[in-house]
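All remarks here apply to the structure that follows.
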Amino acid sequence: MNEYIPYVIFGLATGSVYGLSAMGLVLTYKTSGLFNLAHGAVCAASAYAFYDLRQEHGVPWPIAAVLAVGVFGVVLGLVLERISALLAPVTTTFKIVATIGMFVAINYTVQLIYGPKALFFDPFLPTDEVFSVQGVSVDADNLIFLGLGTAAAVGLYVFFRVSRLGVAMRGVVDNPGLLDLNGTDPTRVRRTAWMIGSIFAAASGVLFASVQRQLDVNILSLLVVQAFGAAAIGLFRSLPMAFVGGLIVGVVQKLISKEAGTHDYLQGLDTNAPFIILFIVLLVAKRNTLVDVGASIKAKATPASVFTPRTRAGGYLVGLVVLLAVPQFVGSKLAFYNTAMSQVVLFLSLSLLVRTSGQISLCHVGFAAIGASGFGHMLGHGVPWGIAVLVGGLIAVPIGALIAIPAIRLSGLYLGLATLGFGILLAQYAYGKEYMFGAGFLATRRPDGFSSDTKFYYLLLGIAFAALALVVVIERSRLGRLLRGLADSPLALTTVGANVNITRTIVFCISAFLAGISGATYASLFGAVNQDSFNYVSSLIVLAILAISGRRTVTTAFVCAFLYQVLPGYLNDEDVQRLTYVLFGLTAIAVSILSQRQIADAAGRWASNAEARLVGPLTTRLGRLPVSAGANSGHRRRGGRAGDEDGLGLRSEQPELQDTYS
């Protein structure tokens, strides 16, 4: 047992930072109802601000810490609070999309400023040995981490139990109106909570960078995402248990890392311990404990197209002609269009799952990776290309059914977290195994006779149209009606005798199959793929792009593929490409905020008010009444008294109005 003591100590030190980050995450979620998937990006941005002040401009570390944590963190908190307030009346799906947009925007903004390469982070806390256990030294910074986390947890617990503001924070989500009646401004309460939560995020980001001794925005974002596992132990509501959860995650990680050195099958599980814990908690926790914070919002129905069927048919015909002519005028850029054609099927599968059925998937690129690996292995065993593509899609089907298990008992945010955890676990643990990509490259190829980009483009276009036809048929069939009912009201669907669980399982399986087909065709483009070809962050990016590309199944899939693969191909400068992703993120936030058709409703109200101002309220009411047959002959309506009232009993002192409406 003495061999495990040093690992427990180091686990507690690292876990205290996890707990600190998790408490900030839970605090903002409890008070605003917005679970911030960009929490890790906020931590990374604060760590870079600290690095810039201290190592680039020579500011002493205490002052740099105050500015990066106390000032920068507060400013970020105020910005995030305003965004969360604007997102209050939108659905859970668009809240998730908005936070993904924040993640993408912050991530690529940091890369624009500091570049994509990792930077050395000079540790600033004392590293002198305090004591040793079994020959392993325990440094001062480890004890400082544990002390800071414990002090923060105790302080927050006392704050929530004793102070008036803390009690108000506990009630602001459940009933802000009642809080306002008691003389406490709900906006001020939420703003304070976001500032505290962002300060915790900023502090944990700086401490994470100190532990890692380097700055990498992707690694920092991933490390802080591990706070999700800690928050799950606290059921996303309890601040003390979130801190305890961080300690548990840290200790479990270190203990697994000790055993992974002698057991190959454990390698990679240590870094994925938070996501395994997250997945287990979401599966075993009572359903009534996993309810989204805040009011349940239903999405407004997609408005009918303003174009006539003939106009839409003409537009589709023009689009088909353009797609067929692409190889004739794009020249050397055709490779990007080939990649886009393989991604059309991916976006169709995601649209069917997210938009038609109302489910959430943050691991869709993982399904594509499974299809690609299955495709490559089938080719290695001599299976013909077409059959290998189908097998790649079919291999993803049971994985889709597996993900449908949490979908049966979870919805909204918690389903999104379960799929995110699964996607990260798949990328960090399974990708490197021999049954997927292994340590090197997995060989793939194009079908015989399609070696040229032009011929292969038309083959991929045919596959995309086949997938499009399948999705359109599903949407117009009884299954499509069931899926739309599932998105609108699962309870109502149950009352008419439909099996909601079977419906969820079917849509996940179909979506996984199409994503697997997309991964197989994508893999065949390059002759070989590896574990870096399917980054889990891409699952977040494709959902954000889907949100900003319209609401029509046919056009959206092609627009998404163009934005995702073709547009970056025309932007040769890497900084311009990163700026494009920043704009994608900001657009996803804006689209999410306006997802309930606020602009259209406001325009309708403005038009109505403008009409009323133009003709006046009385004439507006009277002008909409039917006019009698004798109106044009100058006679008054039946029942009116000559000279003083019209037929409605409304006295009119103005002869010109009587002439107009008589």
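None of the figures in this text is laboratory data; all of them are computed from the coordinates on show. Computed from a predicted model, the values in this text were never measured in an experiment. Backbone-built Cβ (ideal geometry, glycine too); neighbour counts: all protein chains shown.
Modelling each spin label as a point 7 Å along the Cα-to-Cβ direction, I'd like the Leu255/Tyr458 distance in nm, to one decimal.
So the label points at Leu255 and Tyr458 sit 6.2 nm apart.
Can you give me the long-range amide H partners of Asp139? Hydrogens built in the peptide plane at 1.01 Å from N, cutoff under 5 Å, separation of 5 or more residues or another chain.
Under 5 Å from the amide H of Asp139: Val130.
Read phi for every residue in region 396-409 and hand back ³J(HN,Hα) as whole Hz from Karplus 6.51 cos²θ - 1.76 cosθ + 1.60, θ = phi - 60°, with x for Gly and Pro.
Rounded to whole hertz, the list is 6, 4, x, 5, x, 5, 5, 5, 5, 4, x, 5, 5, 10.
Taking neighbour counts of Cβ atoms within 10 Å as a proxy for exposure, in what order, fewest first, do Thr127, Thr271, Thr580 appear?
Sorted ascending by nearby Cβ count, the order is Thr127, Thr580, Thr271.
Rank the residues Thr587, Thr289 as a footprinting-exposure proxy: fewest other Cβ atoms within 10 Å of their Cβ go first.
Starting with the residue having the fewest Cβ neighbours, the order is Thr289, Thr587.
Jot down the per residue volume, in cubic angstrom and as a whole number, of the convex hull over the alpha-carbon atoms of region 1-153.
Taking the convex hull of the Cα positions in region 1-153, it is 148 Å³ per residue.
Separation between the Ala466 and Arg481 pseudo-spin-labels, each 7 Å from Cα along Cα→Cβ, expressed in nm?
Placing both labels 7 Å along Cα→Cβ, they lie 3.0 nm apart.
At 0.36 nm per residue, and after removing the present C-alpha to C-alpha distance, how many nm does the segment from Ala439 to Thr311 gain when stretched out fully?
Stretched fully, the Ala439-Thr311 segment lengthens by 40.8 nm.
Would you mind working out the magnitude of the charge dipole of region 386-495 relative to its Cα centre, with +1 at each Lys and Arg C-beta and -1 at each Asp and Glu C-beta, to the nearest 20 Debye?
220 debye
Over what distance in Å are the Cα centres of region 26-76 and region 213-261 separated?
Cα centres, region 26-76 to region 213-261: 19 Å.
From the phi angles alone, apply the Karplus equation (6.51, -1.76, 1.60; θ = phi - 60°) to region 88-95 and give each ³J(HN,Hα) in whole Hz, x where the residue is Gly or Pro.
Running phi through 6.51 cos²θ - 1.76 cosθ + 1.60 with θ = phi - 60° gives 4, x, 10, 6, 4, 4, 6, 5 Hz.
Please list, in chain and number order, the residues 5+ apart from Thr444 or on another chain whose amide H is under 5 Å from its amide H, with Hs placed from the backbone.
Gly527, Ala528, Val529
Using a 7 Å offset from the Cα along the Cα-to-Cβ direction at both Leu235 and Leu567, what is the distance between the two label points in nm, to one decimal?
Those two pseudo-labels are separated by 4.3 nm.
Calculate, in nm to one decimal, what Phe120 and Ile280 gain on full extension: separation in residues at 0.36 nm each, minus their alpha carbon distance.
In short, 54.0 nm is gained.
Round to the nearest 0.05 the FRET efficiency obtained for Asn530 and Phe159 when R0 = 45 Å and r is the Cβ-Cβ distance.
0.40
Under the Karplus relation 6.51 cos²θ - 1.76 cosθ + 1.60, θ = phi - 60°, what is the ordered set of whole-Hz ³J(HN,Hα) values for region 24-30, x standing for Gly and Pro?
Those phi angles translate into x, 5, 5, 4, 5, 5, 5 Hz.
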